[in-house]
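Peer 1: Have a look at this one before I ask anything.
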Amino acid sequence: MNDTVVVDDVSKSFGRSRALSGLSFTARKGVTGLLGPNGAGKTTLMRLLATVLAADSGRVRLLGWNPVYDRLEIRRRLGYLPQEPAYQRGFTVFEFVDYVAILKEMVDRRARHDEVRRVIGEVGLADVSGKKIRTLSGGMRRRVGIAQALLGDPELVLLDEPTAGLDPEQRLRFRALISRIGENRTVLLSTHQTEDVAALCERAVVLKDGRCVFAGTPEELRGVARGRVWQSPRRAGVLSWRTGEGDFRNIGSPPADATLVPPTVEDGYLLLLDGDKVEAAV
Ligand SMILES: Nc1ncnc2c1ncn2[C@@H]1O[C@H](COP(=O)(O)OP(=O)(O)O)[C@@H](O)[C@H]1O
Ligand SMILES: [Mg+2]
């Protein structure tokens, strides 16, 4: 397969704090989910891929280009939704997206306006195009952020926690939108919602302490917890919580007489993050 994103042994520090520590992974066309707890390095990685930051060491190739030498070539083919976008809240949706389009060097006014209308339609905001961003709900504002990331039909789309703060209905609409976008592009989205990854992503990458601790399909991530999740009337295992039915769901090394239950993607993820603790407790 053709890897559109190659990250090889990349490190990045801020002062004495190491955000990325010998990180390696690859991505290709389709939707790849970047999972990891707060502080794992997801945003740092996104900013690096968006060519906002440079790596201290290691190699990066994006769409065949090297960000050290070909930053402009990459930026022309890139859409980026930062974790905390700076919206011009007094602008209308149209004005804001148009403003980003100008920054993206779309100089022909008519072609630019057509493109702005196209991406606003793509995220389902045509009806509120003339409304001020300040008056929109959080979910709509998030879609404005996605719209600007789609300007110019980029080959690589980076979305940093696009589902944070969305309600379940908005999250469903969002998934439909992203899977459409991922049909012919490379989409990398960071999240700490394993359901997003299970529902939407062809591949998952799990970051922990600035390293990649897993790369594979959501099904393979689920497989990490196979044979290690069981239900019992009492608390057991290293991770354990009471379910709605009153029993405890336990993750770890099951006792011989345990009633094993099928693992979820979240079980696999939790086991990867807390694996050291799980092993230590056996
Ligand atoms: N600009 C910065 N200055 C100092 N430390 C930073 C900066 N950006 C990130 N970090 C640190 O790098 C680590 C990874 O952060 P981040 O990439 O934001 O993780 P995530 O997005 O997964 O929560 C954290 O320890 C964070 O405090
Ligand atoms: Mg982040």
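The values are calculated or read from the model by the stated rules, or taken from the named source; none is laboratory data. None of these values were measured; they are calculated from a predicted model. Reconstructed Cβ throughout: ideal geometry from the backbone, glycine too, with neighbour counts over all protein chains shown. Side chains included, ligands, DNA and RNA excluded: accessible areas come from the protein's heavy atoms. Shrake-Rupley method; radii C 1.70, N 1.55, O 1.52, S 1.80 Å.
Peer 1: Would you check if there is a residue in segment 61-80 being open to solvent by 10 Å² or more (accessible area, probe 1.4 Å), within 16 Å of ligand 2 (Cβ to nearest atom) and on the phi < 0 side of the Ramachandran plot? First the steps, then the outcome.
Peer 2: Step one: of segment 61-80, the residues open to solvent by 10 Å² or more (accessible area, probe 1.4 Å) are 61, 63-73, 75-78, 80.
Add one more test, that the residue is within 16 Å of ligand 2 (Cβ to nearest atom), and what stays is 80.
Pick out the ones that are also on the phi < 0 side of the Ramachandran plot and you get 80.
The answer is yes; a qualifying residue exists.
Peer 1: Considering segment 218-238 alone, what residues qualify as being open to solvent by 40 Å² or more (accessible area, probe 1.4 Å) and touching a Gly at 6+ places or on another chain (Cβ under 9 Å)? Steps first, please.
Peer 2: First, pick out the residues of segment 218-238 that are open to solvent by 40 Å² or more (accessible area, probe 1.4 Å): 219-220, 222, 224, 226, 228, 231, 233-235, 237-238.
Glu220, Arg222, Val224, Arg226, Arg228, Pro233, Gly237, Val238, listed by residue number.
Peer 1: Right, another one. Being within 17 Å of the chain's Cα centre (by Cα) and assigned to a loop (DSSP other than H, G, I, E, B) is the filter here; which residues of segment 53-82 pass it?
Peer 2: Pro82
Peer 1: Under 15 Å from Arg143 (Cα atoms) and assigned to a helix (DSSP H, G or I): does that describe Gly121? Steps first, please.
Peer 2: Numbers: under 15 Å from Arg143 (Cα atoms): yes; assigned to a helix (DSSP H, G or I): yes.
For Gly121, the condition - under 15 Å from Arg143 (Cα atoms) and assigned to a helix (DSSP H, G or I) - is met.
Peer 1: Residues of segment 38-52 being part of a loop (DSSP other than H, G, I, E, B) and either in contact with a Gly (Cβ under 6 Å, 6 or more places away or on another chain) or closer than 21 Å to Gly15 by Cβ (or both), which ones?
Peer 2: Hits for segment 38-52 are Asn38, Gly39, Ala40, Gly41, Val52.
Peer 1: Quick one: is Cys212 within 20 Å of Ser24 (Cα to Cα) and open to solvent by less than 30 Å² (accessible area, probe 1.4 Å)? Before the answer, list the steps.
Peer 2: Details: within 20 Å of Ser24 (Cα to Cα): yes; open to solvent by less than 30 Å² (accessible area, probe 1.4 Å): no.
No; evaluated as a whole, the condition is false for this residue.
Peer 1: Can you name the helices (runs of 4 or more DSSP H) wholly within segment 181-282 that have at least 1 residues being among the β-branched types (Val, Ile, Thr)? Please lay out each step first, then the result.
Peer 2: Details: elements: 194-200, 218-223, 265-281.
Output list reads 194-200, 265-281.
Peer 1: Of the residues Arg185, Arg175, which is closer than 17 Å to Glu122 by Cα and touching a helix residue (DSSP H, G or I) at 6+ places or on another chain (Cβ under 6 Å)?
Peer 2: Only one candidate passes the filter, namely Arg175.
Peer 1: Here's another thing I want to ask about it. Got a number for residues in segment 89-104 being in contact (Cβ under 8 Å) with a residue 12 or more places away in the chain and either of a type in the set (Lys, Arg) or open to solvent by 60 Å² or more (accessible area, probe 1.4 Å) (or both)?
Peer 2: Total meeting the criteria: 3.
Peer 1: Follow-up question, since we're still on this one. Which of the residues belonging to segment 147-169 are on the phi > 0 side of the Ramachandran plot and modelled with pLDDT under 90?
Peer 2: Gly165
Peer 1: Any residue that is open to solvent by 60 Å² or more (accessible area, probe 1.4 Å), at pLDDT below 95 and within 20 Å of Thr186 (Cβ to Cβ) - is there at least one of those in segment 106-121?
Peer 2: Taking every residue of segment 106-121 in turn, none turns out to be open to solvent by 60 Å² or more (accessible area, probe 1.4 Å), at pLDDT below 95 and within 20 Å of Thr186 (Cβ to Cβ).
Peer 1: Would you check if there is a residue in segment 149-172 being in a helix (DSSP H, G or I), in contact with a strand residue (DSSP E or B) (Cβ under 6 Å, 6 or more places away or on another chain) and assigned by TED's automatic domain parsing to the domain that holds Gly124?
Peer 2: Yes, that holds for at least one residue.
Peer 1: Something else: Take segment 125-149 and flag every residue that is over 21 Å from the mean Cα position of the chain (by Cα) and touching a residue at least 24 places away in the same chain (Cβ under 8 Å).
Peer 2: Across segment 125-149, the qualifying residues are Leu125, Val128, Ser129, Gly130, Lys131, Lys132, Ile133, Arg134, Leu136.
Peer 1: For residues that are in a strand (DSSP E or B) and open to solvent by 70 Å² or more (accessible area, probe 1.4 Å), scanning just segment 14-37, find the one that is nearest to ligand 1 (Cβ to nearest atom).
Peer 2: Among those residues, the one meeting the criterion is Phe14.
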